[in-house]
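Input: a single structure, listed below in structure tokens.
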């Protein structure tokens, strides 16, 4: 009976519904999805197809309302997708027409199969009820393929922009990345820890720190859990990971920087060298890609992104910084020979090179000059100007930084002094090295960065629910 | 051949080894546990029994060294437990005797079964190697049943005190509580979110906040993710959870307060009332107890604690605040009739009552006076002086606070004004209520509190790796 032919709406609805059906959150909606109809309980959009011929109750947001040939169509949206509800002029069409967009409503109706409806089912409306009306016009429409507003306006109205199918997909993917990170590390003998974010001193001697007034004492927000995860290794846990906020008071205001971000950290003891740490990261990346393919493929489709593939037989390439500099000069005429780190252009080009020539969208860059890395980085015993450090680059962006750390007390004190820093500042950290610290190393992955890169987002802010940057402190 | 009879050491070793064998972290130690011997790779203490008659390499900390009848015994500790290594006077006894306690060492040797050794195996030492010597005496011994030092001294030397078998058990349990929380909520259709901890204003109008200097602007550390998790519900995620830090600048310095703690938060939309939220918490608690029984029983034994049991047929009792006040007066002569909340004594007594009379160590207290709850709490429509709120008490302590929230814009503005607060302060929060906010509610569980209560710890600081309190900002 339904004959709605508005292609655009159908497309949006399909995109959302597909991403919803993929099982966003495991056994999503255990409540209200089994035998709910008989009890008058809410049925989720995704599950309506299980109730053909039955009377059900739906609850959600008014995604769109359209009239066509005496019929009124309500697209109702919940966390699992969009479902089409229909009323005719003799029945509930007028009621549907009056529903304000984005209001929260309850719909009573009977489910029927209709191959022309998005998702293959529609609900013949027997009644509607406004639970909480939208009392203001939406600042931009979220029932189209894209959002017709700039990123700043979207972030200013975050509760609205997040309702868009693409945003929902982004955060389903992000949550899944974190789940896979934790589960992979647990399978490798790591334990989850929580370390303090209010600290007495920074890991780098005091730059780019946000000051906190701690009962009248000057404290700071932690730039990373670096010292504490090392201390946890030395405290006998050996292999630890943490998913937590990190804070950088950097003035940068670019598409790749956030001042508050989520850091996926790990640290492991009893390693041979930084290669052991890269092995763990490579294991995680392989697990990540295969799990995302299994659970979040539809969300990648919604975002128009492709899940990268790693050839099962080949490792992620590991290139020394000096090799990368040579490749960039020979292949692209880019001269970074005087630098101690890659610049954005260099990161982009070496990633192109690896994708084209080595068949990998990921590449480890190793052996950075020691001067470019923090004081706790283990020097390379073959060339003390180099360090046992690495970055992981992916699609033109550094998404991980890591390495082996110094585990000998005397060497660490020397390294601190060589930076012109005062060992007394690091008293509590240094103490951990006086009672048997094993050789160890670790890494940190920027969650929003890897999410943005995987999904092809232009700005890392799109992967942060409520981003904090140089100018943004609200909402 | 080994005849060590020092009971105390054996006991400690057994306690650690038992807790280790329970599989602290799932498939702990995938690296170094399978076929490691042949390749000269590290074997974990827990796995040595798989290599009887083979030559292996062990790495870990020097837990204890003892000489007895011409033999020297090294108890070597790693994250999986303690293993006994033996050298005789003709071989490596002198070498063992020289190993400083808590140094990191490598031991080469052959595994043999010995029913008298802790764990049933011991390693005949063929050589030792000091990887990183302990260069200072330990401030207290950690190879005995307890630590002979006050809590402050233990926290000052946290990297040492955490190496004790009991501390290791505590944090294995804590990590497991978090894992179970996340997995249970995912099974119920919840999605994990990360919300900002740097905020422009507090949830309670400005008290007990730590100020942050945010690029010259005054900001604060979030007391809870309250506003943001509600906004995430309204942003279409419907059911969200977060595990993150929360900050309270309270001057309290008691055994139950931390100024930085980990909050297990959830928020859910499309609820009937706060009963739906309590149902989810009860489901989590049941999952928690059965999973802890399955995976962490040995750690509870190490801590001398019992995992509580909930009768499968009965719900956790739900008592109104007014009922609790009446019970306390009738049963214990404690008069709280002029109060709007329980005091510590009241919490302790009502928990005793419920354990004895109702067979539950958990109890929900509901319908607190509205004046005692935050401005976003939904009033009870039957008695507007009461609120749709609840606490979960466990073994004498409040471990959860939750309730239904106001979802109507006008009611929320009224509630803010009634507290003498200015709605303009809450501009960004209020905006979320203008575009269709579903009825919703949620709760927050204090991670260190529930860990401490489950394990019978006297002080919540023992469940924090590096606690922050009124006086403590280091290590």
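Key figures for this structure:
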quantity: Residues being assigned to a helix (DSSP H, G or I) and touching a residue at least 40 places away in the same chain (Cβ under 8 Å) - total across the stretch A:149-168; calculated: 10
quantity: Residues (in a loop (DSSP other than H, G, I, E, B) and at the interface with another protein chain (Cβ under 8 Å from one of its Cβ atoms)) located in the stretch A:409-432; calculated: A:432
quantity: All positions within the stretch A:306-326 that are surrounded by 18 or more Cβ atoms within 10 Å (Cβ to Cβ) and out of contact with any helix residue (DSSP H, G or I) (no Cβ under 7 Å at 6 or more places or on another chain); calculated: A:319, A:321, A:325
quantity: Filter result for residue A:252 (farther than 30 Å from residue B:161 by Cβ, in contact with a helix residue (DSSP H, G or I) (Cβ under 9 Å, 6 or more places away or on another chain) and assigned to a loop (DSSP other than H, G, I, E, B)); calculated: no
quantity: Yes/no for residue B:136 being in a loop (DSSP other than H, G, I, E, B), touching a helix residue (DSSP H, G or I) at 6+ places or on another chain (Cβ under 9 Å) and at positive phi; calculated: no
quantity: Residue count for the stretch A:145-168, restricted to those that are more than 9 Å from chain B (Cβ to nearest Cβ) and within 17 Å of residue A:79 (Cα to Cα); calculated: 2
quantity: Single residue of the stretch B:442-474 satisfying the filter (over 19 Å from the mean Cα position of the chain (by Cα) and within 14 Å of chain A (Cβ to nearest Cβ)) that is surrounded by the most Cβ atoms within 10 Å (Cβ to Cβ); calculated: B:473
quantity: Residue tally, condition at pLDDT below 95 and crowded, with 16+ Cβ neighbours inside 10 Å, over the stretch A:115-137; calculated: 3
quantity: 2 or more residues closer than 30 Å to residue B:454 by Cβ, free of Cβ contacts under 8 Å to residues at least 60 places away in the same chain and more than 9 Å from chain A (Cβ to nearest Cβ): qualifying strands (runs of 3 or more DSSP E) within the stretch B:173-247; calculated: B:239-247
quantity: Selected residue (only one of A:178, A:240, A:233 is under 24 Å from residue B:193 (Cβ atoms), assigned by TED's automatic domain parsing to the domain that holds residue A:436 and buried (at least 21 other Cβ atoms within 10 Å of the Cβ)); calculated: A:240
quantity: Number of the exception - residue B:300 against (1) part of a helix (DSSP H, G or I); (2) away from every other protein chain (no Cβ under 14 Å); (3) touching a strand residue (DSSP E or B) at 6+ places or on another chain (Cβ under 8 Å); calculated: (3)
quantity: Residue within the stretch A:250-258 that is modelled with pLDDT of 95 or more and either in contact with a strand residue (DSSP E or B) (Cβ under 8 Å, 6 or more places away or on another chain) or more than 11 Å from every other protein chain (Cβ to nearest Cβ) (or both) present; calculated: no
quantity: Subset of the stretch B:76-95 (residues that are within 14 Å of another protein chain (Cβ to nearest Cβ), more than 16 Å from residue B:110 (Cβ to Cβ), in contact with a strand residue (DSSP E or B) (Cβ under 9 Å, 6 or more places away or on another chain) and not in a loop (DSSP other than H, G, I, E, B)); calculated: B:77, B:78, B:82
quantity: Filter result (part of a strand (DSSP E or B) and more than 29 Å from the chain's Cα centre (by Cα)) within the stretch A:96-115; calculated: A:105, A:106, A:107, A:108, A:109, A:110, A:111, A:112, A:113
quantity: Condition check for residue A:417: without any contact (Cβ under 8 Å) to a residue 12 or more places away in the chain and surrounded by 18 or more Cβ atoms within 10 Å (Cβ to Cβ); calculated: no
quantity: Enumeration of residues in the stretch B:197-216 that are more than 26 Å from residue A:429 (Cα to Cα) and buried (at least 24 other Cβ atoms within 10 Å of the Cβ); calculated: B:199
quantity: Residue match in the stretch A:433-451 (condition: at pLDDT below 95 and in a loop (DSSP other than H, G, I, E, B)); calculated: no
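The values are calculated or read from the model by the stated rules, or taken from the named source; none is laboratory data. Quantities reported herein were computed from a predicted structural model and do not represent experimental measurements. No Cβ is skipped: glycine too gets one built from the backbone with ideal geometry, and neighbour counts run over all protein chains shown.
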